[in-house]
Every structure is written in C-alpha cells, then in structure tokens.
Amino acid sequence: MDDRRGGVRAGLAQAALLGLLSLTACGDAASDLSRLSSGEHGRVTAVRSGDVVALDSGLTVRLAGVEAPYEGAPGAAAARTDLAKRVSGRKVELLYGGARRDGRGRALAQLRLEDGTWVQGALLRDGVVEVRTYADNRAMAAAMLEDEARARIARRGLWGAGVFTVRLPREIGQGGRDGAQGFQIVEGRVIDVTRTARGTYLDFTSDHQGFAALVAAPAEPDFEAAGDPLPALKGQLIRLRGPVGWNQVMRIDHPEQVERLKAG
C-alpha cells in the first residue's frame, strides 16, 4: 500500500472512531423506536432479498433506512441469508416514521420482532446492510449510523469482505458508459463551500474539478435547523452518502446524509 494513502486511511479510521463517539444516537434505540407509529403485524413467510420480506397477509415490506446488495451482486446472498436467519417464520411489527409505501406499493417500515429485537439494527451490526435514508424516510437515522459504524470499524460482514467500502474523494472517477456510479459512502475534507441557484456545492478539490456534493437548495434550511449550517463545513472532515452521477457529483437532499467527523 502507498504510505501516503495508508496515512490518509489511518487518519480517517481514527476520525471515524471519534465520530462514532460523537453521534447523537448513542442512545437507546428502543426509546427511539417507541416514537414511531405502530402499523401492521404479521408473520414473515418469505425473504425476497437482504432488505425485502413478505408477510402472511400478502404485504411486501421494504426495510426502511437500509440497503443490501442488489440480487446477483457480491454479498447479496450473504445479506439475504442473514435476514432469513433472523426473521423467517417469525412475527414482526411494522413501525413507520416517514413515507409508508414506495412506488411499487411495498411498505417502508422499521421492523421489530416479538422479543423486541430491532431488525435493521441487527442487520447493520452484522455488517450485511448499509444505511441509506431518504428525505421522506429518515427515522432512526442516528441510531442506524451508529450501528453501521460499529460494524464498519470492526470489519464485520460485508465490510470485512470488501463488498462495502468507504471511498476517498479522489477515488470517485468519471462515470463509465452508463454514467452514474450509484450509491457511495465518501469521506474527505471540505475544501470549499459555494452557494449557487441550484444549491450549495461542497468541493473536495481546490480546482473544483473532482468529486463534489450538491446540497439541493430546498434542503439548505434543514441543515440550519439541525445546527449544522453549510458554510461551517468548510475545512471539516465529513462522511457523506448518496448516489453519485456521471459528473462526480453526489446529490444531497437531507442532513442525515452528512456526518461531521472529529479529526484526531
């Protein structure tokens, strides 16, 4: 490994540890779950993928806030097996904290087993899913990020297998033939913050030519309300997650996509 690259990785790992300690969800996931709206109950009759199950009522449930590898992709079978081990044949309660249905009519919910086990948290701690929230569905984000961080730092599951990874800004290249590079988690230091009509750009290179993130204008007040105004991110080490387009720009539309890390 290149020494300079290794040093950057080590620094980010140390920052990640400190960031884990500073997450606001150090807390009690059970109490957070209690704030959600209780929905349907049912027994899991099929596990369709690492983040989709079917209930005996005929309802299909997409686990909110997390994403497993797509079917056929590396790690997909492991994620599906892990979920099946935890929920197959068991009764679950659906808990809602945002949009309740996706465009395919599937329920979007947190899942809780009869014994109180929070399914998303268990999968994240096993390292078989990543956190992926949306502007209209971000309940439990802080607790999920904490559980993901523990698995990532311990190299559990798909983190240890190299399926899940955190990239540096310079590792995000121009998109291939299909353009978009898909969902990515990226850690780096913000070099510049630029306000435009479209929103606020967070640049990670001094020449503004490499990887950047665009915080959509409608989301800017949410960052202010969260106590993290965008101009204050300049010079800060952050971790952000979301889809990266052909132009090396990640689109951000809610604050939970961005974590501020503490450098050691």
| said: Any residue that is closer than 17 Å to Ala122 by Cβ, surrounded by 13 or more Cβ atoms within 10 Å (Cβ to Cβ), at pLDDT 95 or above and under 17 Å from the mean Cα position of the chain (by Cα) - is there at least one of those in the range 18-37? | reply: no
| task | Could you list, in sequence order, all residues of the range 216-249 that are in contact with a Leu (Cβ under 9 Å, 6 or more places away or on another chain) and either assigned by TED's automatic domain parsing to the domain that holds Ala141 or of a type in the set (Asp, Glu) (or both)? | result | Glu220, Glu224
| request: Quick one: in the range 196-244, of everything that is charged (D, E, K, R) and in contact (Cβ under 8 Å) with a residue 24 or more places away in the chain, which residue is surrounded by the fewest Cβ atoms within 10 Å (Cβ to Cβ)? | output: Lys234
| message | Being of a type in the set (A, V, I, L, M), touching a helix residue (DSSP H, G or I) at 6+ places or on another chain (Cβ under 9 Å), more than 18 Å from Ala141 (Cβ to Cβ) and modelled with pLDDT of 95 or more is the requirement here; does Leu202 meet it? | response | yes
| message | Regarding the range 178-192, can at least one residue be identified that is under 20 Å from the mean Cα position of the chain (by Cα), among the small types (Gly, Ala, Ser) and either under 23 Å from Pro229 (Cα atoms) or modelled with pLDDT of 95 or more (or both)? | response | yes
| said: Out of the residues in the range 130-161 meeting the condition of being basic (Lys, Arg) and assigned to a helix (DSSP H, G or I), tell me which one is surrounded by the fewest Cβ atoms within 10 Å (Cβ to Cβ). | reply: Arg150
| said: Among the residues that make up the range 152-161, is at least one of them over 16 Å from the mean Cα position of the chain (by Cα), among the aliphatic types (A, V, I, L, M) and at pLDDT 95 or above? | reply: yes
| said: For the range 73-129, which positions are hydrophobic (A, V, I, L, M, F, W, C), assigned to a helix (DSSP H, G or I) and surrounded by fewer than 20 Cβ atoms within 10 Å (Cβ to Cβ)? | reply: Ala76, Ala77, Ala78, Ala84, Ala122
| said: Exactly one of these conditions fails for Arg106: (1) in contact with a Phe, Trp or Tyr (Cβ under 7 Å, 6 or more places away or on another chain); (2) farther than 22 Å from Asp32 by Cβ. Give me its number. | reply: (1)
| field | Positions within the range 52-70 being crowded, with 22+ Cβ neighbours inside 10 Å and either in contact with a helix residue (DSSP H, G or I) (Cβ under 7 Å, 6 or more places away or on another chain) or not in a loop (DSSP other than H, G, I, E, B) (or both), in sequence order | value | Val53, Val61, Leu63, Gly65, Val66, Ala68, Pro69
| If you scan the range 250-264, which residues turn out to be aliphatic (A, V, I, L, M) and buried (at least 18 other Cβ atoms within 10 Å of the Cβ)? | Met250, Ile252, Val258, Leu261
| said: So if I check each of Phe164, Phe223, which one is part of a loop (DSSP other than H, G, I, E, B) and modelled with pLDDT of 95 or more? | reply: Phe164
| task | Determine, yes or no, whether Val186 is more than 15 Å from Leu261 (Cα to Cα) and touching a helix residue (DSSP H, G or I) at 6+ places or on another chain (Cβ under 7 Å). | result | no
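The values are calculated or read from the model by the stated rules, or taken from the named source; none is laboratory data. Because the structure is a prediction, the values reported are computed rather than measured. Backbone-built Cβ (ideal geometry, glycine too); neighbour counts: all protein chains shown.
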